[in-house]
Amino acid sequence: MTKKDKYSLCIHGGAGVLEKENLLAADKALILKDLYASLGAGEKILANGGTAIDAVCAAVVVLENSSHFNAGKGAVYSRNGKHLLEASIMDGSNLKAGALANCSRVKNPIKFAKSLMDRDDIVMISGKNADVLAGELDHELVENSWFDTTFREEQWKQVKAMNTDETFLDHSNFKKGTVGAVAMDFEGNLAAATSTGGMTNKMEGRIGDSAIIGSGTYAQNKTCAVSCTGIGEYFIRATVASYVSNLMEFAGMSLEDAANKAIHEHHGNLGGDGGLVAVDSNGNVTMSYNSAGMYRGYVNATERKLYVWDEEEKI
């Protein structure tokens, strides 16, 4: 691929739950600060000639280490009161990918997913075996309680009291916060990464779209890179991430048109709620969602912007 003179990085920190009256100004300021830091971590790699795959991993690590998102440190509680983490990553230059589901001790799941990309014997691993393999590969392991946060515990108790799970609740009252990033580097290579703690009070063994290549994460150089956030069951059924790519490759649609069709029609018509961020092979970005809002932002060589709703946010 011809070397390009530009780079792009786009991130998200969750969609579907962001009614303005339910987001305190102090909370929003902290969230925006972490989103800004995520963009900075990824941009530093891209601006210095690094790869898109390294950039999306670095951007997601910042958000995994924050307690303000449903990934890593801030992950929600499952039905048995534990944190079960999922992540996936994909390199658009060679279609290599790595993914994991229901791990409970890996501090940064996206790093572990990235380390699976060059293996021929596995793309995806789940459960206790994921934790074991991560340890064998020298990834940092922590006790499951390390992921505890007061906000997520209270949220879990509230959901349990309703005797249901988050899928059937009014999402405006339950901040989610799956995180993800997409990027194009100077070489024109694309990459995507996604990380989550899943649904509050989720059934043991449940796997969402964030762990599934083609549903929550997808990248190929000739079209785009996509990372999704929202109710995973709908993204799985609609194979949203690869659907955007297919619309571009086989229907000749632009990135923006393909993303909007995937979210507002294909996925939305099933009843899905959420959004995606995507970048194409020319470095164009789009951030499409059909929910009340979506934490998101992008950076390139000339600008860096953050959004929660329609207007740009300043920090």
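Observations on the model:
- Index of the failed condition, residue 103 passing every other in (1) in contact with a Pro (Cβ under 7 Å, 6 or more places away or on another chain); (2) touching a residue at least 60 places away in the same chain (Cβ under 8 Å): (2)
- Consider the stretch 32-55 and keep the residues that are within 16 Å of residue 295 (Cβ to Cβ) and touching a Lys or Arg at 6+ places or on another chain (Cβ under 9 Å). The one that is surrounded by the most Cβ atoms within 10 Å (Cβ to Cβ) is 35.
Residue-wise test of (1) of a type in the set (D, E, K, R); (2) within 14 Å of the chain's Cα centre (by Cα); (3) under 13 Å from residue 297 (Cβ atoms).
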position	(1), (2), (3)
8	no, no, yes
29	no, no, no
44	yes, no, no
63	no, yes, yes
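- Screening the candidates 242, 227, 254 for the property of being modelled with pLDDT of 95 or more and over 19 Å from the mean Cα position of the chain (by Cα) yields one hit, 254.
- Evaluation of residue 298 against the conditions (1) touching a helix residue (DSSP H, G or I) at 6+ places or on another chain (Cβ under 6 Å); (2) farther than 16 Å from residue 88 by Cα shows that the sole unmet condition is (1).
- Spans of strands (runs of 3 or more DSSP E) in the stretch 267-312 with at least 3 residues under 17 Å from the mean Cα position of the chain (by Cα) and at pLDDT 95 or above: 274-280, 285-289, 294-300
- The single condition among (1) in a loop (DSSP other than H, G, I, E, B); (2) modelled with pLDDT of 95 or more; (3) over 15 Å from the mean Cα position of the chain (by Cα); (4) not acidic (Asp, Glu) that residue 129 does not satisfy is (1).
- Annotation: residue 102 fulfils all but one of (1) part of a helix (DSSP H, G or I); (2) touching a strand residue (DSSP E or B) at 6+ places or on another chain (Cβ under 7 Å); (3) within 12 Å of residue 196 (Cα to Cα); the unmet one is (1).
Residue by residue, here is whether (1) touching a strand residue (DSSP E or B) at 6+ places or on another chain (Cβ under 9 Å); (2) hydrophobic (A, V, I, L, M, F, W, C); (3) surrounded by 16 or more Cβ atoms within 10 Å (Cβ to Cβ) holds:
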position: 85; (1), (2), (3): yes, yes, yes
position: 90; (1), (2), (3): yes, yes, yes
position: 93; (1), (2), (3): yes, no, yes
position: 107; (1), (2), (3): yes, no, yes
position: 117; (1), (2), (3): yes, yes, yes
position: 120; (1), (2), (3): no, no, no
position: 123; (1), (2), (3): yes, yes, yes
position: 133; (1), (2), (3): yes, yes, yes
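- Subset of the stretch 108-118 (residues that are farther than 18 Å from residue 214 by Cβ, in contact with a Gly (Cβ under 8 Å, 6 or more places away or on another chain) and in a loop (DSSP other than H, G, I, E, B)): 108
- Residues (β-branched (Val, Ile, Thr) and outside any loop (DSSP other than H, G, I, E, B)) located in the stretch 198-213: 213
- Test: residue 59 is under 30 Å from residue 314 (Cα atoms) and either at pLDDT below 95 or assigned to a helix (DSSP H, G or I) (or both): yes
Residues are listed down the side, and each one gets a yes or a no for (1) part of a helix (DSSP H, G or I); (2) surrounded by fewer than 24 Cβ atoms within 10 Å (Cβ to Cβ); (3) touching a Gly at 6+ places or on another chain (Cβ under 8 Å):
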position	(1), (2), (3)
215	no, no, yes
219	no, no, yes
227	no, no, yes
233	yes, yes, yes
236	yes, yes, yes
241	yes, no, yes
244	yes, no, no
248	yes, yes, no
253	no, yes, no
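The values are calculated or read from the model by the stated rules, or taken from the named source; none is laboratory data. Just so we're clear, the structure is a prediction, and the values are computed from it rather than from any experiment. No Cβ is skipped: glycine too gets one built from the backbone with ideal geometry, and neighbour counts run over all protein chains shown.
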